[in-house]
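Taking it in order: structure first as structure tokens, then the write-up.
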Amino acid sequence: MVKALAKLFQAPEKNIMAEIGKTAALMTDVIDLSIGDPDLATPAPIVNAAATAMLAGKTHYTASAGDPEYLQAILDFHHQNFGSHYQMENVQATVGASHATDLAFGALLDPDDEVIIFEPYFSPYKVQVEQYHAKPVFVTCQAADNFQPQKAAIAAAITAKTKAILVNSPNNPTGAVYDQETLQAIADLAKQHDLYLIADEVYWPYVYNDHEFVPLENLAPERTLVTGSLSKVFAMTGFRIGYLLGPKEVVSAAGLLNEGVTYTAPSMAQSAGGFGLQNVTELVEPLKNEFSQRLAYLGEELNQLSWAKTIPVAGSLYLFLDISGSGMDDVEFSDYLLEQAGILVIPGQAFGTSGKGFVRIAATQEMAVLKQAVAGFKSLSFASQKITE
Ligand SMILES: Cc1ncc(COP(=O)(O)O)c(C=O)c1O
């Protein structure tokens with residue numbers, strides 16, 4: 001016998017997605033709308049930038065904080081697009097935003113500290129907080145508020161142990177884009193209670209209609225840690241490249257922690273990412289337009305279903321569909337959708353208990369496939385269907 005695993009992993013929670021995934025794997029012709037990875041090819045100039053870098057010998061470690069060219073591209077990008085004034089001491093290259101979030105928590109959290117997370121939430125945050133023996137405190141956002149966090153609910157969740165508030169806008173899974181008023185309220189609370197803000201802005205270009213991306217770093221730069229990612233911005237998830245940007249003390253601690261984690265981010269991915277950031281406008285537009293059209297289509301079509309409804313499309317790559325009118329819960333519904341129509345989605349409760357009654361639909365398939373999916377949704381019928389208003 002060897003000793004037990006860490007307590008955190010001794011009784012793992014049920015993995016809803018893994019179970020549905022097993023069923024999907026046994027089926028042919030599944031329309032997979034569960035994937036949070038843009039299906040579009042990484043723009044060729046970015047791939048070329050990586051290849052050129054490798055041929056030029058960038059196949060080794062870079063400085064632990066990152067390749068200075070990549071770091072400069074991040075600083076220039078934030079300055080030109082968001083007007084911020086960060087220096088080299090404020091930035092650390094990371095292996096995607098997941099790694100940046102992890103380093104931020106590692107730099108900030110002591111055991112029993114609390115982190116406020118808005119629910120429904122990107123599911124990895126929970127364990128990222130718990131692994132430091134800290135506590136995620138969930139504040140539910142309601143569809144009736146277009147999933148904007150409410151100031152009173154956030155204020156009620158703040159205790160003497162609260163260390164940080166995690167803010168993910170544009171949001172996965174709800175598609176909400178937090179407006180200026182919401183973000184200002186969060187920044188004001190953070191100032192009043194002396195909290196850090198962790199700004200997961202990995203979907204920043206994906207804002208549609210009259211919605212605008214508001215960078216949190218502009219509202220409270222002294223306490224905001226941006227967990228940046230190029231994964232979704234340039235459809236380059238497999239490059240695993242991102243960054244952490246924020247107050248120098250925190251970034252410096254994150255850098256120390258990272259020396260024993262990944263040491264640095266992949267050198268060729270830094271070159272590719274830096275190239276992307278230097279050419280952001282022309283590279284991002286086609287991706288944004290494509291997802292805008294897809295989500296507009298899905299929103300319009302699925303809102304016509306008598307048993308389903310969704311908030312007006314605002315941002316990200318996802319639609320969060322209220323399917324409670326079907327009379328089924330979200331896990332039952334997802335199973336039924338898979339069996340009847342061959343469509344795979346994620347049950348909302350995978351994003352926290354308040355996601356019950358919803359499913360997340362990723363627009364990460366081309367329009368022709370989405371049209372088939374819409375036909376599949378329309379073909380469903382339910383025994384105890386409620387009509388939505
Ligand atoms: C909200 C959110 N944050 C972070 C990530 C992870 O990004 P990265 O690929 O940069 O680690 C994702 C990926 O789906 C996400 O949806």
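The values are calculated or read from the model by the stated rules, or taken from the named source; none is laboratory data. What you are looking at is a predicted structure, and each value in this text was computed from that prediction instead of being measured. Note: ideal-geometry Cβ built from the backbone for every residue, glycine included; neighbour counts use all protein chains shown. To get the accessible areas, we keep the full protein, side chains included, count just its heavy atoms, and leave off ligands, DNA and RNA. Shrake-Rupley method; radii C 1.70, N 1.55, O 1.52, S 1.80 Å.
Miscellaneous remarks
- Antiparallel content of DSSP bridges confined to the chain, in %, to 5: 45 percent
- Once the Cα atoms are used to define both axes, helix 68-82 deviates from the longest principal axis of the chain by about 60 degrees.
- Helix 16-25 and the longest principal axis of the C-alpha atoms of the chain enclose an angle of approximately 70°.
- Across the chain, C-alpha contacts under 8 Å between residues 6 or more apart give a mean separation that, scaled by the residue count, equals a relative contact order of 23 percent.
- Between helix 330-341 and the chain: long-axis angle, C-alpha atoms, 0 to 90°, nearest 10: 70 degrees
- Unsatisfied cross-links (Cα-Cα over 28 Å) in the set K161/K288; K126/K151; K3/K248; K151/K378; K58/K288; K14/K191: K161/K288; K3/K248; K151/K378; K58/K288; K14/K191
- Ordering E249, E301 by accessible surface, largest first, gives E249, E301; the 1.4 Å probe counts only protein heavy atoms, with every chain in place.
- Potential lengthening of the chain between K191 and E301 amounts to 35.4 nm, from the contour at 0.36 nm per residue minus the alpha-carbon distance.
- Helix-only [θ]222 nm of the chain, DSSP H runs n ≥ 4, -39500 (n - 2.57) each, per residue, nearest 500: -12000 deg cm²/dmol
- Listed residues K288, K309, K22, most fluctuating in the chain (Gaussian network, C-alpha, under 10 Å): K22
- For the chain, the Cβ-based charge dipole about the Cα centre amounts to some 580 debye (Lys, Arg positive; Asp, Glu negative; other atoms uncharged).
- Accessible surface of the stretch 44-279, 1.4 Å probe, proportion on carbon and sulfur as whole %: 52 percent
- Efficiency of FRET from Cβ geometry, Q180 and Q150, R₀ 22 Å, rounded to 0.05: 0.90
- Most mobile listed residue (T227, T353, T310) in the chain, GNM with C-alpha springs under 10 Å: T353
- GNM remark for the chain: springs join alpha carbons under 10 Å apart, and the peak mean-square fluctuation among L319, L108, L183 falls on L108.
- With one equal scatterer per alpha carbon and no solvent term, the Debye-computed log10 I(q)/I(0) for the chain at 0.06, 0.10, 0.11 1/Å reads -0.23, -0.66, -0.81.
- Sequence-distant residues sharing a close amide H with S229 (under 5 Å, placed H): Y243
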